[in-house]
Every structure is written in C-alpha cells, then in structure tokens.
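Step one of this worksheet: look at the structure below.
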Amino acid sequence: MTDHPDLTHKARVWAIRGIMIAGLNIVEILRREPSLVSECGLRLVPLDRLGEQRKPTEREAPGIIEFFRERVYNLGCVIDASAAPTEHRRILEGLARIAGHRGELDKSEEYLHRARSMSLEQKDFVAEAVYLCNLGTIVGLRGQANTARDYFVQALALCKGDPRQGRLFVGTKFISVEEAAERREQHKQKLANGTAIASPEADEIEVCNLLADEFDQDSEAAMRRALVLKETEGNAHGNLGKLAAADGNLDLARREFEVSLALHESIGYSAGVSATRNAILSLGQVEPGTQD
C-alpha cells in the first residue's frame, strides 16, 4: 500500500481490513488442516538445488502457519474503529483466537470484551453467546473457575432462550418461508391449548425460541444462526463438564458431557462429538478420589 500514496486513510483501512479477514481465514484453515499447506503449494520455501520452486513439506507446515499468523496478527493490531461494525467485530474475534493460540490470554480477553460490546450495541445475541462462551474458556485457562462458570451460564441463557415463550422446534431440512410461518403458527396454537410436544419429531431439532421471528422471515438465515447457538450451547456444557471434572465432581462432569454430546450430535458437529466422546472416555480412567 505504500506504493499508492494517493490512497485516503479510509481506503487504506478498507484495504487492511480485507487483507486481515483473508489472512484470518488462511490461518484458521491451515491451523485446522496443516496438510493443505503442502497440497496448495504455498510459495514460501527456498528453491531446490535445481533452482525450481518446490511444494512445502508437512514438516514445514507449522512454520508457514506461524508466518501467516505473525503477519495477520501485526496487521490486525493497526485496525482502527473506522472499520464497518460487523466486520470490525469479526476481526476482533479472529484476533482473540490468534492471541489465545499464542498464549496471550490477556489480549485475547480484551479483544473478546470489545467484540462482545459491539454485539450488545448491534443487539446480536447470537454473537454475544459465542463471545461469552469464548470468554469463559479464556478465563478458565487462567484458573478463574468461578468466573468461567458465570460466563458459560450467561451463554447458555442466551442459547436456550426465554422459557416463558415455550419450546421451538424446526425441521432440519430446508423449508419455505410460508411453511416456516405455518409451523410457527401451529406451535403457538399448541402452546395455547397445552398440546405442545415435549420433544422434537424425527426430522426436527429444538432451537432457541428468541429466533422465532427470524424463522418466519428467513428460515435459512435463521437456521444458520440457530446452529451457531446449538454449537455454542454444546461447547458451554462441555466446558462446564471440564470444570466439574477438575473439581472432582465426576457425576456432574459426566452429565454435562452427555448433554454436550447430544447437542453436537443433533446438528452433526463431528469435531464436538469427537471431543466430547473423548472427554467421557477420560472420565472412566479417573479413579474416584484421585482428583486434587
């Protein structure tokens, strides 16, 4: 960007923001699938003895990921508040994730608090639930168990919705706006006459009832937000299970893990299912009374 001195400050911010978002995506992809470094043939390795560019090896993948991470992190640090609110919040979320991976827990917490404040201003309770859960994870890593529990409980309150509005079930298959509105109206009638079902049908999942109006307007977009909440809800219960296990309360830990597993299975979140199953298996290896 230094080659274009005529760019305005606003244009530079937009350019940096675009690079930042792209970089965050690259870092996250490479972190999750380091084998892609070799497959994509990123040109960040020396030429071979014949003077030709070769693909990086899997052994070189961690270094290349760190290369991206450092530069993305440094770019993010110069982003200012003139970025568009939603994208600025995403940048803060990404910076929090990177800072957490770097072990910079204070910075990660700071970024998450800033992102959460923006979600409150934008009245985006789905994003707020995610940030609360992430905050619980960060403070938990610092050993602040009670504060972590409080964050997870707050996140769960948003994930579960308002109990006074009854339970909302939606189909896992894509449906039209008209069908979504019809299902919602049927649900309201069942609530009114006391015949609302206690559990979902085979092709339905229970979702946060705070999304009811969104399902009436755009069922596809609402489902995406519902799935984010379900994943967050499962993560929160899983993290509460870890805290309970650390306290030596294995029965409570198992109950939390089982709830987490059911939630992750309901949305087909394979990473969550695998992690929670491993956590349940690890409980069986702990003898009663061996926790500190």
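The values are calculated or read from the model by the stated rules, or taken from the named source; none is laboratory data. Note that the structure is predicted; figures quoted are calculated from it, not measured. When we count neighbours, we look across all protein chains shown, and the Cβ atoms used for this are built from the backbone with ideal geometry, even at glycine.
Is there a residue being closer than 15 Å to residue 168 by Cβ and part of a helix (DSSP H, G or I) anywhere in segment 233-248? Scanning segment 233-248 turns up at least one residue that is closer than 15 Å to residue 168 by Cβ and part of a helix (DSSP H, G or I). Of all residues in segment 117-137, count the ones that are surrounded by 15 or more Cβ atoms within 10 Å (Cβ to Cβ) and over 13 Å from the mean Cα position of the chain (by Cα). Qualifying residue count for the region: 4.
Just so you know, in segment 214-259 the residues that are surrounded by fewer than 17 Cβ atoms within 10 Å (Cβ to Cβ) and in contact with an Asp or Glu (Cβ under 8 Å, 6 or more places away or on another chain) include one that is farthest from residue 151 (Cα to Cα), and it is 221. Checked against (1) closer than 23 Å to residue 212 by Cβ; (2) of a type in the set (Asp, Glu); (3) not assigned by TED's automatic domain parsing to the domain that holds residue 259, residue 110 passes all but condition (1).
Residue-by-condition table, conditions (1) among the β-branched types (Val, Ile, Thr); (2) surrounded by 13 or more Cβ atoms within 10 Å (Cβ to Cβ); (3) at pLDDT 90 or above:
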position: 144; (1), (2), (3): no, yes, yes
position: 148; (1), (2), (3): no, yes, yes
position: 151; (1), (2), (3): no, yes, yes
position: 155; (1), (2), (3): no, yes, yes
position: 165; (1), (2), (3): no, yes, no
position: 172; (1), (2), (3): yes, yes, no
position: 183; (1), (2), (3): no, yes, no
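When the criteria are applied in full, residue 213 fails the requirement of being part of a helix (DSSP H, G or I) and modelled with pLDDT of 95 or more. Would you confirm, using the coordinates I've provided, whether residue 264 is within 16 Å of the chain's Cα centre (by Cα), farther than 18 Å from residue 169 by Cα and in a helix (DSSP H, G or I)? No: the conditions fail for residue 264. If I ask for residues that are assigned to a helix (DSSP H, G or I) and farther than 23 Å from residue 153 by Cβ, which ones from segment 216-232 would you list? Scanning segment 216-232 gives 216, 217, 219, 220, 221, 222, 223, 224. If I filter segment 96-107 for residues that are touching a residue at least 24 places away in the same chain (Cβ under 8 Å), buried (at least 23 other Cβ atoms within 10 Å of the Cβ) and under 13 Å from the mean Cα position of the chain (by Cα), do I get at least one hit? Checking segment 96-107: at least one residue is touching a residue at least 24 places away in the same chain (Cβ under 8 Å), buried (at least 23 other Cβ atoms within 10 Å of the Cβ) and under 13 Å from the mean Cα position of the chain (by Cα).
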